[in-house]
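Heads up, the thing below is written out as structure tokens.
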Amino acid sequence: DSCSDYGSRDKPGTALGRTVPDGNVLFPDIFHTDHLLFYERFKAYQDYILADCKASEVKEFTAEYLEKVLEPSGWQAVWRTNVFEVLVEVVDVEYAALKAVVQLSDPFLCESRDSTFTLECMQELLELKERQIPLQELWVVYDESGEFDQTALAVEHVRFFYQCIWRTWDEEEEDEFDYFVRCVEPRLRLHYDILEHRVPSGLVADYQNLLSQCEELYRKFLNVRNSISSSDSDSEVENVSMVEGLKLYEKIEHLKQKLKLIENPLLRYVFGYQKYSGLQAKGLRPTGTKITHVVSSTMMASLLQSLIRDKLCPESCGEELEIQFHSDPLAAVNACYEGDTVIICPGHYVVDGVFCIADSVELEGYGLPDDIVIEKRGKGDNFVDCTGANIRISSLKLVQHDAVEGILNVHHGKTTLENCVLQCETTGITIRTSAELLMKNSDLYGAKGAGVEIYPGSTCTLLDNGIHHCKEGILIKNFLDEHYDIPKITMVNNMIHNNEGYGVVLVRPTMPSDVKDASAERTKGIFLFPEETPKTCCKEILQEELPECVTDELELYERAEISEQTEGNDEIANELGATSAKKSQMHKKRLSELGITEADDNLMSQEMFVSIVGNQFKWNGKGSFGTFLF
């Protein structure tokens, strides 16, 4: 009658390990069960405990599982709370309530933060609880016979489920879907992704914060709902409570959607998160001087002469230079103030930290990028974080290892990247809302996500770059939400090739027109191929806003003959323009609902500035362009 692969009553001896409890009291050893692998928990919940149950049936299915595998009596456990630990003996199990009936062990063993928990106090506490203790508060005492392996594992599965998987609002969710598929599996995967450092720490913090907010709001919502249901009067106070309850419900639903996005292993990276960047700019030095930092592992006389001739000569600089020498590029950047320059000499530099650039500084390689390599070693979230008003990085090769975030994040301000090579690990470059990136003559490859991620409200200019051998080439995040501004995107003469998915992907919510045109087999999270995208917009919108740095190149490519690569440019520009037009329509509709029939031109003309010409899209697995609908 075994319901699990873990241990067997037919085999002599336990298959589980043991743990020595911490503390001063000599408690007996307990079973070591909190180390289970993902597939072990997955199999237990899917095959033996929850199967295809609905959310409202979870407790019932769990009780049925416990009846099959849990010994009803004869085993000891350590009862743990936030304030004490005490050894108890289980004399019965209330399966439906997921509780054990216990009595204090003899001799009495207890450890607490203070001395108030005497034998008499614990007896009184148990009487108040009718001697019933939740199973998740019990840690089964080790027994080498193997007789209680199933019991120890069953208690562990219950404890883990209610601590890490179950949400207090789950039971009120609709029962149309399989609870395991909809909730348990994604939350379980997220838990193990976090354990194995595959999720950025910022995203983990966001998730925990959202979860806490949602739990707090749900408690308030339950209190409001209970106060309404217990009142029979149709008073003004009750009406106010109903309005408050509706507001709380809307907030809870909004937070739940955010949680689900993070729990989904695909969407958590598609949508990302707004990372808080606490980088503080130093500003100018108190003395007002600007320093040139020279980085070299070893400084030879010939190299120094070349540097003086090419970079450090007072005649070329126009003023006397103050120079500092470093052997570590990270130390040089950390020493920078506003207006400083870092010159990095040829060499292979290994760093184990994060480049946090909060001031307007310039990082310049002295030579070819392949000769000036900065390699990130050790597990960590970030490689380069930029928040300065005007940052310039040129002639460097950045190599990323063991990362969970992109190789370069532009959070605020403008970052210019020129003549660089970026060997990525996860995503490549991320341009956050309100930030700006100008990337020229650079090569980016190896990203397991997108090579470039463009957030709503950002400005991204890509000129003469190579973006290849990534999961997706360029990912443009959803900007249809009313709180988002439309990004400004310029792509000229880039070679986007050999990416696993699309060259360019636009993420946006499913619109009614999409649902109408979609085939019956489509589901949420689908890609539209270029043939399905509307072509209702011109290639360039608001061309008068085109940055001066690309005007000449645009005129050159506009006179060029149309090729199959140009067709790909048109497809991308058309879809982006059409999506921009949809946002404008949605905005007008919202204003109309508010009774605003005339609005400021700037408010109404939130159209995407798109300039996509001269780019080549070759050998991308799914084509040049796709739209991801969610």
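The values are calculated or read from the model by the stated rules, or taken from the named source; none is laboratory data. Predicted, not measured: the structure shown is a model, and the values here were computed from it. We place every Cβ from the backbone using ideal geometry, glycine too, and count neighbours over all the protein chains shown. All accessible areas refer to the heavy atoms of the entire protein, side chains included, with ligands and DNA or RNA removed. Shrake-Rupley method; radii C 1.70, N 1.55, O 1.52, S 1.80 Å.
Summary table
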{"quantity": "In segment 287-380, GluC sites (Glu not before Pro) in a DSSP loop with at most 16 other beta-carbon atoms within 10 Å", "calculated": "E319, E320"}
{"quantity": "For q = 0.16, 0.18 Å⁻¹, Debye-computed log10 I/I(0) when each Cα of segment 17-180 counts as one equal scatterer", "calculated": "-0.95, -1.15"}
{"quantity": "Rounded percent of accessible protein surface that carbon and sulfur make up, segment 290-431, 1.4 Å probe", "calculated": "49 percent"}
{"quantity": "C121-Y39 pseudo-label distance in nm [points 7 Å out on the Cα-to-Cβ vector]", "calculated": "4.8 nm"}
{"quantity": "Estimated distance in nm for a label pair at S327 and Y162, the labels positioned 7 Å out from Cα along Cα-to-Cβ", "calculated": "5.8 nm"}
{"quantity": "Where chymotrypsin sites (Phe, Trp or Tyr not before Pro) fall in DSSP loop in segment 149-204, at most 15 other Cβ within 10 Å", "calculated": "F177"}
{"quantity": "Euclidean distance of C-alpha centroids, segment 390-426 and segment 64-130, integer Å", "calculated": "56 Å"}
{"quantity": "Segments 72-79, 137-144, 250-257 sorted - mean Cβ within 10 Å per residue, highest first", "calculated": "137-144, 72-79, 250-257"}
{"quantity": "Shape box of segment 116-251 [Cα atoms, principal axes, largest first, Å]", "calculated": "65, 48, 34"}
{"quantity": "Estimated distance in nm for a label pair at K129 and T298, the labels positioned 7 Å out from Cα along Cα-to-Cβ", "calculated": "6.8 nm"}
{"quantity": "Theoretical FRET efficiency, 1/(1+(r/R0)^6), r = Cβ-Cβ of R189 and N209, R0 22 Å, to 0.05", "calculated": "0.65"}
{"quantity": "Amide hydrogen neighbours beyond the local backbone of V350, cut-off 5 Å, H modeled", "calculated": "E375"}
{"quantity": "Accessible area (Å², per residue) of segment 17-180, counting only protein heavy atoms and a probe of 1.4 Å", "calculated": "49 Å²"}
{"quantity": "Isotropically averaged projected area of segment 397-500, using the convex hull of Cα atoms (one quarter of hull area), nm²", "calculated": "6.0 nm²"}
{"quantity": "Derived scalar couplings ³J(HN,Hα) [segment 423-432; Karplus, 6.51 cos²θ - 1.76 cosθ + 1.60; whole Hz; x for Gly, Pro]", "calculated": "9, 8, 10, 9, 7, x, 9, 10, 10, 6"}
{"quantity": "Exceeding the 32 Å Cα-Cα cut-off - candidates K247/K414; K59/K251; K54/K251", "calculated": "K247/K414"}
{"quantity": "Rg and Dmax of segment 69-128, Cα atoms only, in Å", "calculated": "12.0, 37"}
